[in-house]
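Notes follow once the structure below has been shown.
A short reminder: the numbers here are calculations on the coordinates, not readings from a lab. All values reported here derive from a predicted model rather than from experimental measurement. No Cβ is skipped: glycine too gets one built from the backbone with ideal geometry, and neighbour counts run over all protein chains shown.
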Amino acid sequence: MDWRVAGEYLESCNCDAICPCRMVDGVRGGRSTNGVCFGLLGWRIDDGAADGLDLSGLGVALALRYDDDEPGSPWSFVLYVDEGGDAAQQDTLADIFLGRRGGPHVVKLPWVSKASELIGVRPARIELRDDGRVLRIDERAAISVSRRADAERAVACGIPGYEHVGREYYADELRVDDEPFHWRLEGNCAFATTFEYASQ
């Protein structure tokens, strides 16, 4: 079951910028700003395949919520898979991002590595713009960013991997309107970088 996916990543949550969960100048962070975190993550696969099945050009996104003070801080989340893929591609994307196909980095992701609630896997039109600063999931969710928040500091996030230093932003928009999640924020944190996950 060999697989690999790589491309662009964009996320935003309700934390203040720079998100305290990030690694900044090599120092790992801690608790979320408000104790309860909710947000949206998006991946654009520019180069990807699984057992010969092409996954390039497809997207994945995840809407989430967790409470730092809930025992184990389990994530509640919806996984979106690109409606532009066929059933086999959508199933494979879900399996990869839910950790069902393993992979040394993916199995450490928080919604995979601890008890969490998968609300559903939903096909959607997913677009992460070429400049990596706008994410759209149908009319259900969006992130847009334009203003840097990192003052050229080295900022990284554990989800794409700390080796992928990226850019911290103030969000122009973080919006999710899809059951059970509903929020609309601006001025909160956002982060853009590249990612690469693989089976080994």
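Couple of notes before you dig in:
- Per the chain, cysteines lacking a partner by the 4.7 Å Cβ criterion: C13, C21, C37, C157
- Ratio Rg/Rh, restricted to region 3-198 and using Cα atoms, in which Rh is the Kirkwood radius: 0.93
- For region 118-124, putting each phi into the Karplus relation 6.51 cos²θ - 1.76 cosθ + 1.60 with θ = phi - 60° gives couplings of 7, 6, x, 10, 10, x, 7 Hz, in residue order, rounded to whole numbers and with x for Gly and Pro.
- Averaging the Cα positions of each part gives two centres, and for region 63-115 and region 153-168 these lie 19 Å apart.
- Close amide-amide hydrogen proximity is noted between D68 and V36, C37, each under 5 Å apart and 5 or more residues distant or on a separate chain (H modeled in the peptide plane; Pro and chain starts excluded).
- A simple count of charges around E117, restricted to other residues whose Cβ falls under 14 Å of its Cβ and scoring Lys, Arg +1 and Asp, Glu -1, yields -1.
- Amide H contacts of D46 (H built 1.01 Å from N, in plane; Pro and chain starts excluded): A6, G7, E8, G57 sit under 5 Å, all sequence-distant by 5 or more or on other chains.
- Length gained when the stretch K108-E70 is fully extended (0.36 nm per residue, less Cα-Cα span): 11.8 nm
- Dipole magnitude of region 3-198 about its Cα centre (Cβ charges: Lys, Arg +1; Asp, Glu -1), debye to nearest 20: 420
- Ranking V121, F97, P160 by how far each Cα lies toward the positive end of the dipole of the chain (charges on Cβ) leaves P160 at the top.
- Based on C-alpha pairs under 8 angstrom that are at least 6 apart in sequence, region 26-110 has a relative contact order of 22 percent.
- Between helix 87-97 and the chain there is an angle of about 40 degrees, using the helix long axis and the longest principal axis of the Cα atoms.
- Of E168, E70, E11, the one that fluctuates the most in a GNM where the chain has Cα springs shorter than 10 Å: E70
- Across region 78-125, Cα pairs under 8 Å and at least six residues apart give a relative contact order of 59 percent.
- Neighbour counts of other Cβ atoms within 10 Å put V36, V27, V134 in the fewest-to-most order V27, V36, V134.
- Other-chain or far-sequence residues with amide H under 5 Å of W75's (modelled H): E117
- In terms of other Cβ atoms within 10 Å, L62, L10 run from fewest to most in the order L62, L10.
- Placing +1 on the Cβ of every Lys and Arg and -1 on the Cβ of every Asp and Glu, with no other charges, gives region 1-90 a dipole of roughly 320 debye about its Cα centre.
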